[in-house]
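Notes to accompany the following structure.
The values are calculated or read from the model by the stated rules, or taken from the named source; none is laboratory data. It should be emphasised that the depicted structure is a prediction, and the values quoted were computed from it without experimental measurement. Positions of Cβ are backbone-derived with ideal geometry, glycine not excepted, and every protein chain shown enters the neighbour counts. To get the accessible areas, we keep the full protein, side chains included, count just its heavy atoms, and leave off ligands, DNA and RNA. Shrake-Rupley method; radii C 1.70, N 1.55, O 1.52, S 1.80 Å.
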Number of protein chains: 2
Amino acid sequence: MTTSLIPTPSQAPPEGGASVSRLAVRRVAIDTWRENVAYLHRDCAVYRAEGFQALSKIEVRANGRRILATVNVVDDLGIVACDELGLSEDAFALLGVEAGYKVAVAQAEPPESMGALFRKIAGERLRREDLRAIVRDIAEHRYSKIELTAFVVACNRDELDREEVFFLSDAMVATGQRLDWHEGLVVDKHCIGGIPGNRTSMLVVPIVAAHGMLCPKTSSRAITSPAGTADTMEVLANVELPLQDLQRIVRDHRGCLAWGGTAQLSPADDVLISVERPLSIDSPGQMVASILSKKVAAGSTHLLLDIPVGATAKVRTIPDAQRLRKLFEFVAKRMGLTIDVVITDGRQPIGNGIGPVLEARDVMWVLANDPRAPHDLRQKSLRLAGRILEFDPDVRGGDGYAIARDILESGRAMAKMRAIIDAQGHKPFDPDHPALAPLSFEVLAKRDGIVSGIDNQQVARLARLAGAPKVQGAGVDLLFKLGDTVKEGQPLYRVYAAYSSDLEFARQASERNAGYYLGEAGAETRQFVEF
Amino acid sequence: MTTSLIPTPSQAPPEGGASVSRLAVRRVAIDTWRENVAYLHRDCAVYRAEGFQALSKIEVRANGRRILATVNVVDDLGIVACDELGLSEDAFALLGVEAGYKVAVAQAEPPESMGALFRKIAGERLRREDLRAIVRDIAEHRYSKIELTAFVVACNRDELDREEVFFLSDAMVATGQRLDWHEGLVVDKHCIGGIPGNRTSMLVVPIVAAHGMLCPKTSSRAITSPAGTADTMEVLANVELPLQDLQRIVRDHRGCLAWGGTAQLSPADDVLISVERPLSIDSPGQMVASILSKKVAAGSTHLLLDIPVGATAKVRTIPDAQRLRKLFEFVAKRMGLTIDVVITDGRQPIGNGIGPVLEARDVMWVLANDPRAPHDLRQKSLRLAGRILEFDPDVRGGDGYAIARDILESGRAMAKMRAIIDAQGHKPFDPDHPALAPLSFEVLAKRDGIVSGIDNQQVARLARLAGAPKVQGAGVDLLFKLGDTVKEGQPLYRVYAAYSSDLEFARQASERNAGYYLGEAGAETRQFVEF
């Protein structure tokens, strides 16, 4: 197995790919989204001589680099001439040569790991080197969408055993950048997602950083949810930081709340996500590999992992959550990462606001010890922060929560948050006058009753239809939570939108399913867990 | 479940897709190979207003038609202007309007069957209506490559039970054209493939048609092999026939040997094959559905199915072949198709020539009762034809072979073949002077011995490297078969190519692996079967 990007001629087997032709490269300004596409004119001599077809994969070499690309055949000389090779934006950038550069073009050898992929499709267990080869080919964009999807689906459900999940995670770390903070205790927290609101990271990070722990938190943007931590933090501060700035901020303030996309951590994961999302695939093995590879690559040594359980959460039952916890624990141990997995109440959104501005408002109210702060967001954040504080060998078991509460109530958490915001580059935000989207409507209770259920997915859907996260001030503001008593005609929640069409979509969807269930006292679904 | 292509506005749920904008359609001369691609300029008002992204799916409506397409974002006004919607060749053709036509563009609803697809990915058993919806969406090109691949991989191996294979086959028939020959006995034969040479159809069809049976044989071109029946027949006659011509020829001559691509039989199958091939997926369920749906759609009532077994064949062991046979039998019965499955010797190529011209030569030699005719091709074809003749209620069980031999030896099979060739449009071909490619080399025995093994896959690979089937006269001509005695230095086979680079590729590959094994007498792998 070779690890070099460029095999020497003797390494490249000749048949099927030995013939090399040269064409002038041209940037074709088409964004094909992570798939390299090469545009060849139908009358191009190379196209005909090599027996390429539409969807053939070709190898393009220039200046010591090589990329694979899928052929699209073109009949328009305006797009690509007969002696040219057109490359889509991604492919052109990846090859990194100037337009007009003479590149070598040949029928591509299939990616090295194709055999391993076919064995996984056939149901075999893969070895460590198989998963290394697959992940490297994926990170180097050598897989077509067909091959990527095949890998994801073949590894779905329980098709990966726990050793394979470790091999996959380990390979994902190995293919990207890996940060080293040169400290023995680097903490992080992560939630597997699925609960609207739930912006605990923005409270946990300032609390534990104020305690002095190193917490370089990088987050994703929303993919299918109405707001990710990065989207919400972006209401308050700049989150797209060059790696050097991020490292300086963490050194100065012991923490950050940044978008993780710039750091090239576990790059294969980003490629895999591009096919997992449209298929709604979120298998245990892939979830564990995705999360743990990113954390280890980010240099974390200790991780607190939050698995919310509820009827409309990602994990629906306690036994499922426990199985998932054991898989996290097994793989983390093999990777040398200390992990503490907590199973939390996922029956309803955490906090009141859903959408970047509304969630930022809730977070700032908690930090300000404002009486309007959502109690559940405050409590959960303090508990999570307390568990992380107990990673500190000087903190006695059971003391974490009280320390966290003291840091919050004393204003030290707010001071730390303000310092981090200033360091990242602050934006104007006033939690008493958040810049909400101008249009709104309220959804009213149709009768008296007790709130007995809130559908996480439907509430998230309404917030997205209203425009979140793209419209920062759009979203849903919940006015009642589980167990609250409501009277007929009272507003259950308020929906904010910037455009009348968005407002209308959200209104129609809320009329079909408001996402709220009212019942008699005691009818609410029982609380699964308390940690 | 609606079967109309165009839902009325009330059927289309509003959220996520209700907003409709209009753009002038433009043909972008890019061949994206069965995937509809829409090119939108980054500064297009619709692109920005609708929140489309690269890879978003949009629905394009014009003139009562609608298609789905994947968005590629363009930054070049020469490809697509801000008020235009570019469509790839396939998409443009499918929509069927003139350039400049104002089309309606909206965020696409996901295909109706997405829920069923997700359930299959999650490992659930699908119902009849689920598979109907999936197959309809596939045939209408509503699936992206990601979704197609996910379906194929999720149905791989034993993930489809036999009921589901029937539902799939039945749905594949229902979505395409279905021929009706208005006769009670319409016969066909099919081989699951994997054996080079093996052009039995070109002998079986004239024999059984000469007997008076109706045998409207349509075949595929080679996809991964050095020649399909359509490629080989094309050496002798025109094979791309409009459906009306094909029907007339079958009426006049009781048979044909045509390419099946024009008839729109089981169109979903062609779409599925486009992702199965690059993944080398050939699972039992998909194979059965693919073959039986095509046969039933072609109007066959009786099918003889050939499963060759051998170490380098598709099916490697007799138990595997028997399992596959039972699946074919179960599904065929549910579809009302009479099937006779034969398990045959797949240890080596059938006939001597591999490649269109060489295979046509062997076929014509057999028909001419020429002493140079390959014995194995003749014998297998007679046996298969005999089994089909026994579908005739007037033929006594066991008499088929003798009748077939009589039809062949009397010259009636050749006369029928000439009639079919003339009807389809004949091409000049002389079996004594076949138009072989001009370059050649021989592979010599390195020592004395008995031919103890021939690697089907390697021999097929050599023929393809030499240029077959694209170069009709390219290929491999085998000079010895299993059990033959060879002397050191004697040529085992001859390779023909039209281009020196092709010849060189084939030569290098043959030097690494000649595909022949020599041993002591009796060392050849035992013959699995004799039917």
Most to least accessible of B:R128, B:R221, A:R347, A:R418 (protein chains only, probe 1.4 Å): A:R418, B:R128, B:R221, A:R347
Listed residues B:L131, B:C82, B:V153: farthest to the positive end of the dipole of the range B:62-165 (Cβ charges): B:L131
All-pairs Cα distance distribution in the range B:282-403, expressed in whole percent, bin size 5 Å: 2, 10, 16, 18, 20, 19, 11, 4, 0
Relative contact order (percent, whole number), chain A, Cα cutoff 8 Å, 6+ residue spacing: 14 percent
Apportionment of accessible area to carbon and sulfur, the protein assembly as shown, percent (1.4 Å): 48 percent
Distances in nm from A:D158 to the matching label points in the other copies, shortest first (labels 7 Å along Cα to Cβ): 1.5
Stokes-Einstein translational diffusion, the protein assembly as shown - Kirkwood Rh over all Cα pairs, 0.692 mPa s, 37 °C, in µm²/s: 102 µm²/s
In Å², nearest 10: area of A:T175 left accessible to a 1.4 Å probe: 40 Å²
Cβ charges +1 (Lys, Arg) and -1 (Asp, Glu), total dipole of the protein assembly as shown, debye: 760 debye
Stokes-Einstein diffusion coefficient of chain B, Kirkwood radius over Cα pairs, 37 °C, 0.692 mPa s, in µm²/s: 131 µm²/s
Cα gyration tensor category, rounded, prolate or oblate, for the range A:206-354 with a/c compared to 1.5: rounded
Entries in B:K189/B:K326; A:K294/A:K314; A:K427/A:K470; B:K333/B:K380; B:K380/B:K470 that, when Cα-Cα distance is taken, lie over 24 Å: B:K333/B:K380; B:K380/B:K470
Charge context of B:R127, other residues only, Cβ under 13 angstrom, K/R +1, D/E -1: -2
Pseudo-label separations to other copies for B:E183 - Cα-to-Cβ vector, 7 Å, nm: 8.5
Mean Cα-pair separation over length for the range B:211-315, i.e. relative contact order, pairs under 8 Å, 6 or more apart, %: 23 percent
Amide H contacts under 5 Å for A:A222, placed H, 5+ residues apart: A:G228, A:D231
For B:D448, solvent-accessible area (1.4 Å; no DNA, RNA or ligand), Å²: 80 Å²
Projected label distance in nm at B:R412 and A:A93, using a 7 Å step from Cα toward the beta-carbon: 7.1 nm
Check: chain B dipole with +1 on Lys, Arg Cβ and -1 on Asp, Glu Cβ, in debye: 440 debye
Share antiparallel - DSSP beta bridges, the protein assembly as shown, percent rounded to 5: 55 percent
Helix-derived mean residue ellipticity, 222 nm - over chain B, DSSP H n ≥ 4, -39500 (n - 2.57), to 500: -11500 deg cm²/dmol
Qualifying GluC sites (Glu not before Pro) in the range A:135-220, DSSP loop, other Cβ atoms within 10 Å at most 14: A:E183
Positive minus negative residues near A:G260 (Lys, Arg vs Asp, Glu; Cβ under 15 Å): -1
Accessible area (Å², 1.4 Å probe, nearest 10) - A:V471: 30 Å²
Point-charge dipole on Cβ atoms (K/R +1, D/E -1) for the range B:384-466, about Cα centre, debye to 20: 320 debye
Ascending list, in nanometres, of distances separating the A:Y517 label from those of the other copies (7 Å, Cα toward Cβ): 6.4
The range B:91-208: C-alpha gyration tensor shape, a/c 1.5 cut-off, then a/b vs b/c: oblate
Per-residue average of Cβ from other chains inside 10 Å of A:354-367: 0
Around A:L214: net Lys/Arg minus Asp/Glu count, Cβ-Cβ under 10 Å: 0
For chain B, share of DSSP beta bridges that run antiparallel, in % to the nearest 5: 55 percent
Gyration tensor verdict on the range A:372-494 (Cα atoms; rounded if a/c is under 1.5, prolate if a/b is larger than b/c, oblate otherwise): oblate
